[in-house]
Amino acid sequence: MKDKFDETDIRMLNTLQNEAGLSQRELAERVGLSQNACWRRLQRLQSAGILKGTRTLVDLSALGLDLTVFVMIRTRHHSRDWSQSFARHVTGLPEVIDCHRIGGDWDYMLKVVTRGMAGYDIFYQRLINGFEFDTVTGLFSMEGILENRAVDLNRLT
């Protein structure tokens, strides 16, 4: 699919990243297509797995979820079974909004959002329950300077 992108596809994707709530008619007008042509391109992008649904950004701090912690995990266990078990475990923890297996000095990085330090402590106890980690540390965000940034897809052309 990468080779079949054109500038119109990129304009559509850039527009949708910033304003996913646009109607199909509005999107077609913004990118200079007829509504039918826009629909066909959207279907093609969805079929190719490039468009994966729509989401609305929520101000989590306005809901009392005011603490963001980047949790760094190092483990001695690197088997596929352990990794799959760990992935299932963190998927079941609603405070985890991102989870990455990473290279370097750490094995995993989680982005966790909770209600204050007490909420983080409750999360932490559930995180370590049943798992043996070498090291777990939390990096506490004091301010989100740049979050949920849309990717500038113009660099693909």
Response to the item:
CD proxy, 222 nm, the chain: helix-only mean residue ellipticity via -39,500 (n - 2.57) per DSSP H run with n ≥ 4, per residue, nearest 500, stands at -11500 deg cm²/dmol
Worksheet entry | Helix 80-91 axis, angle to the chain major axis (alpha carbon atoms, nearest 10°) | 80
Response to the item:
With 0.36 nm assigned to each residue of separation and the Cα-Cα distance removed, E7 to I128 gains 38.8 nm
Worksheet, complete the sentence: Output row, site F70, 7 Å Cα→C-beta label point, backbone N cut-off 16 Å, window the range 139-157, residues 139-149
Discussion item. No solvent, one uniform scatterer per C-alpha: report log10 I(q)/I(0) for the range 72-115 via the Debye equation at q = 0.15, 0.24, 0.28, 0.30 1/Å, two decimals.
Written reply: -0.37, -0.88, -1.10, -1.18
Item to complete: Report the far tail of the P(r) of the range 14-101, meaning the percent of Cα-Cα pairs longer than 20 Å.
Response: 59
Discussion item. Sort 63-69, 75-81, 134-140 by the packing proxy (mean of other Cβ within 10 Å over each peptide's residues), most packed first.
Written reply: 63-69, 134-140, 75-81
Fill in: Alpha carbon convex hull of the chain, volume per residue in cubic angstrom
160
Worksheet entry | Exposure ranking of L13, L51, L60 by accessible area [1.4 Å probe, largest first] | L60, L51, L13
Fill in: Along principal axes, Cα extents of the range 9-54, largest first, whole Å
24, 20, 16
Item to complete: Order these peptides, 91-104, 110-123, by their mean beta-carbon neighbour count within 10 angstrom, highest first.
Response: 110-123, 91-104
Discussion item. With unit charges on the beta carbons (Lys and Arg positive, Asp and Glu negative) and the dipole taken about the Cα centre of the chain, which residue among T15, L45, H78 sits farthest to the positive side?
Written reply: L45
Worksheet, complete the sentence: Per the 1/(1 + (r/R0)^6) rule, R0 = 30 Å and r from the Cβ atoms of H100 and T157, FRET efficiency to 0.05 is 0.60
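The values are calculated or read from the model by the stated rules, or taken from the named source; none is laboratory data. Because the structure is predicted, anything quoted here is derived from the model rather than measured. Methodologically, a virtual Cβ is constructed for each residue, glycine included, from the backbone with ideal geometry; neighbour enumeration extends over all protein chains shown. For the accessible areas, the whole protein counts, side chains as well, though only heavy atoms, and no ligand, DNA or RNA atoms are used. Shrake-Rupley method; radii C 1.70, N 1.55, O 1.52, S 1.80 Å.
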